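To keep things clear, I will list the structure first and then write my remarks on it.
The values are calculated or read from the model by the stated rules, or taken from the named source; none is laboratory data. Only a predicted model underlies this, so the values are computations on that prediction, with no experimental measurement involved. Note: ideal-geometry Cβ built from the backbone for every residue, glycine included; neighbour counts use all protein chains shown. Protein only, heavy atoms only, side chains kept; ligands, DNA and RNA dropped before computing areas. Shrake-Rupley method; radii C 1.70, N 1.55, O 1.52, S 1.80 Å.
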Amino acid sequence: MSVLDSYESVIGLEVHAQLLTRTKAFCGCATSFGDPPNTHCCPVCLGLPGALPVLNAEVARMATIAGLALGCKIQNRSVFSRKNYFYPDLPKGYQITQYDLPICLDGSLDVEVGGRTTRVRIRRIHIEEDAGKSNHGIAGESVVDLNRAGTPLIEIVSDPDLRSGAEAGEYLKRLHEVLMFMGVNDGNLEQGSFRCDANVSVRKVGTEALGTRVELKNINSFRFVAEAIDGEARRQIHLLERGDRIRQQTRGYNAEKKESYVLRDKESESDYRYFPEPDLPPLDLSAAYVAEIRSGLPPLPAEKRRGWVEQLGLTPYAAGVLSGHPGITKFFDDARSLYADALKLSNFVQSEVLRDVTTSGLDARFPVTPFQVAEILRLVDAGTISGKQAKELYAAVVNTDRAPEDVVRERGMAVIGDESAIEAIAKSVLEANPKQVAAYRAGKTALLGFFVGQIMKQTKGSADPAVVNGVLARLLAG
């Protein structure tokens with residue numbers, strides 16, 4: 001056993017997910033991304049003297065949805081606090097967050113890696129506001145864009161139940177899809193609306209005591225999270241084996257060099273000088289309010305997958321592909337309401353439709369409608385077109401609003417099933433290829449495919465394959 005194998009990683013994750021509200025957490029400024037710097041600011045998010053925050057009701061609703069989806073207990077009363085620290089992108093000098101009385105407690109999320117399922121406990125979910133953004137090296141200066149300051153977040157804090165970078169990456173994927181399917185987060189990693197801090201320590205296998213943890217800050221890629229965690233664990237093991245001690249630090253991750261680097265020594269809770277936010281009352285949620293939200297929750301993606309596999313007969317892989325994005329799931333469900341054979345529909349959507357789908361956040365753009373897909377498959381079932389022609393028909397209706405049946409009629413794509421018509425074509429093919437006919441009758445029966453191909457070529461793929469094979473078998477037998 002190697003030295004690395006004698007240690008295990010202990011990992012807890014803190015995920016910051018931006019809530020999909022139109023306005024900020026405590027003021028009416030817009031949360032839109034990519035606008036000119038400092039155009040969505042007001043006295044509240046600038047922290048000007050005398051400006052008072054007011055909680056956006058949508059923030060409480062979306063945080064409750066997330067908590068219920070993750071199996072949390074929703075607290076009837078939660079309290080906002082001030083977290084004090086001093087950075088240029090935090091204009092008030094403190095962040096409004098929740099500390100000892102958060103909105104959600106004690107949830108969980110199951111993750112599966114290598115056939116092994118791990119239940120990751122979610123310690124808490126709390127509401128907080130985002131900071132602004134510092135931009136360095138602008139005309140030799142550092143400048144601040146405060147458009148993001150005050151944007152509503154939920155921070156989802158797990159217990160240290162993860163043991164590898166792979167498990168951490170899978171946990172993030174599952175959490176990411178839950179929040180997207182619930183409609184509370186757009187899942188856009190590139191824009192920073194789903195970010196992760198990882199707390200990593202190592203200990204000897206078989207021991208219970210936790211080691212000194214190091215925080216890896218603001219990693220916005222599932223792959224990089226896994227790489228950064230495993231790399232940090234190796235770094236700590238090498239230090240311990242050398243006899244050095246682990247320093248409690250906050251570190252960044254350089255994806256190109258595949259190594260972490262020091263940002264600062266890690267603050268302790270006392271450094272933040274938490275105290276209750278005097279300008280915001282406690283957040284009181286009634287049991288009726290929580291029950292109403294619970295009754296309106298859509299199915300979780302894991303539930304959708306399980307139902308598709310157990311009730312519709314889809315493979316786990318197909319169920320995973322079709323639940324990879326809320327828009328794709330809705331498209332499949334809408335098409336299934338128009339066409340009953342889920343297996344045929346699943347195969348067609350995966351093989352033809354998904355290669356042309358584009359997604360951005362929660363938006364998904366499809367080249368065809370569920371109705372068009374359902375009608376193409378109905379035409380195949382009715383024998384009007386062949387499976388091969390279905391692909392041709394799909395290409396003909398992509399990015400149009402045309403009915404597949406109209407295209408079939410206009411292009412003369414209907415399957416030729418008339419035996420006498422096919423027999424006439426088959427006879428001409430056989431007469432044109434006497435050597436192949438002789439070889440077939442001498443025992444080279446694989447040449448049947450050659451004759452089928454020639455007939456299909458002449459009919460542009462519209463001949464009924466079953467009729468073609470029957471006719472050829474009879475003519476060649478003679």
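If you go through the stretch 214-238 and keep only what is without any contact (Cβ under 8 Å) to a residue 24 or more places away in the chain and in contact with a Leu (Cβ under 6 Å, 6 or more places away or on another chain), you end up with nothing.
Every residue, every condition in (1) in contact with a helix residue (DSSP H, G or I) (Cβ under 7 Å, 6 or more places away or on another chain); (2) closer than 25 Å to VAL178 by Cβ; (3) open to solvent by less than 90 Å² (accessible area, probe 1.4 Å), yes or no:
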| position | (1), (2), (3) |
| --- | --- |
| LYS257 | no, no, no |
| LEU263 | no, no, yes |
| TYR272 | no, no, yes |
| LEU280 | no, no, yes |
| ILE293 | yes, yes, yes |
| TRP308 | yes, yes, yes |
| GLN311 | no, yes, no |
| PRO316 | yes, yes, no |
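When each of GLU241, GLU177 is tested for being in contact with a helix residue (DSSP H, G or I) (Cβ under 6 Å, 6 or more places away or on another chain) and in contact (Cβ under 8 Å) with a residue 40 or more places away in the chain, the lone residue that passes is GLU177.
Which of the residues that make up the stretch 8-23 are over 14 Å from ILE154 (Cβ atoms) and open to solvent by less than 30 Å² (accessible area, probe 1.4 Å)? Within the stretch 8-23, SER9, VAL10, ILE11, GLY12 meet the criteria. Residues of the stretch 429-469 that are closer than 30 Å to ALA382 by Cβ, open to solvent by 40 Å² or more (accessible area, probe 1.4 Å) and in a helix (DSSP H, G or I): LEU448, GLY449, PHE450, GLN454, LYS457, GLN458, PRO465, ALA466, ASN469. Taken over the stretch 200-237, residues that are open to solvent by 20 Å² or more (accessible area, probe 1.4 Å) and not in a helix (DSSP H, G or I) amount to 15.
Per the listing ILE11, ILE65, the residue uniquely β-branched (Val, Ile, Thr), outside any loop (DSSP other than H, G, I, E, B), out of contact with any strand residue (DSSP E or B) (no Cβ under 7 Å at 6 or more places or on another chain) and under 26 Å from GLU190 (Cα atoms) is ILE65.
Scanning the stretch 383-404 for residues that are open to solvent by less than 50 Å² (accessible area, probe 1.4 Å), in a helix (DSSP H, G or I) and either touching a residue at least 40 places away in the same chain (Cβ under 8 Å) or under 16 Å from VAL357 (Cβ atoms) (or both) returns GLN389, ALA390, TYR394, VAL397. Scanning the stretch 100-122 for residues that are touching a residue at least 40 places away in the same chain (Cβ under 8 Å) and crowded, with 19+ Cβ neighbours inside 10 Å returns ILE103, CYS104, GLY107, LEU109, VAL111, VAL120, ILE122.
With the requirement that a residue be assigned to a helix (DSSP H, G or I) and either of a type in the set (Val, Ile, Thr) or on the phi > 0 side of the Ramachandran plot (or both), what does the stretch 23-52 give you?
Selection gives VAL44 alone.
Summed over the stretch 286-316, residues that are under 15 Å from the mean Cα position of the chain (by Cα) and not small (Gly, Ala, Ser) total 4.
Within the option set LEU20, LEU101, being in contact with a Ser or Thr (Cβ under 6 Å, 6 or more places away or on another chain) and either among the aromatic types (Phe, Trp, Tyr) or in a loop (DSSP other than H, G, I, E, B) (or both) holds for one residue only, LEU101. Looking across the stretch 405-428, the residues that are open to solvent by 20 Å² or more (accessible area, probe 1.4 Å), in contact with a helix residue (DSSP H, G or I) (Cβ under 7 Å, 6 or more places away or on another chain) and small (Gly, Ala, Ser) come down to ALA414, GLY417. When you check THR64 against the structure, is it under 27 Å from HIS40 (Cβ atoms), within 23 Å of the chain's Cα centre (by Cα) and hydroxyl-bearing (Ser, Thr, Tyr), yes or no? In short, yes.
When the stretch 238-255 is filtered for residues that are among the hydrophobic types (A, V, I, L, M, F, W, C) and open to solvent by less than 60 Å² (accessible area, probe 1.4 Å), the ones remaining, listed by number, are LEU239, ILE246, ALA255. Only one of the numbered conditions (1) within 33 Å of the chain's Cα centre (by Cα); (2) within 16 Å of LEU263 (Cβ to Cβ) is violated by ILE246, and that is (1).
When we screen LEU354, LEU379, LEU345 for residues that are assigned to a helix (DSSP H, G or I), open to solvent by less than 40 Å² (accessible area, probe 1.4 Å) and modelled with pLDDT under 95, the only hit is LEU379. When ASN76 is tested against (1) more than 28 Å from ASP271 (Cβ to Cβ); (2) over 28 Å from the mean Cα position of the chain (by Cα); (3) modelled with pLDDT under 95, just one condition goes unmet, and that condition is (3).
Considering only residues that are among the hydrophobic types (A, V, I, L, M, F, W, C) and surrounded by fewer than 17 Cβ atoms within 10 Å (Cβ to Cβ), which ones fall in the stretch 365-376? Before you say what the answer is, go through the steps one by one.
Step one: of the stretch 365-376, the residues among the hydrophobic types (A, V, I, L, M, F, W, C) are 366, 368, 371, 373-374, 376.
Scanning the stretch 365-376 gives a single hit, PHE371.
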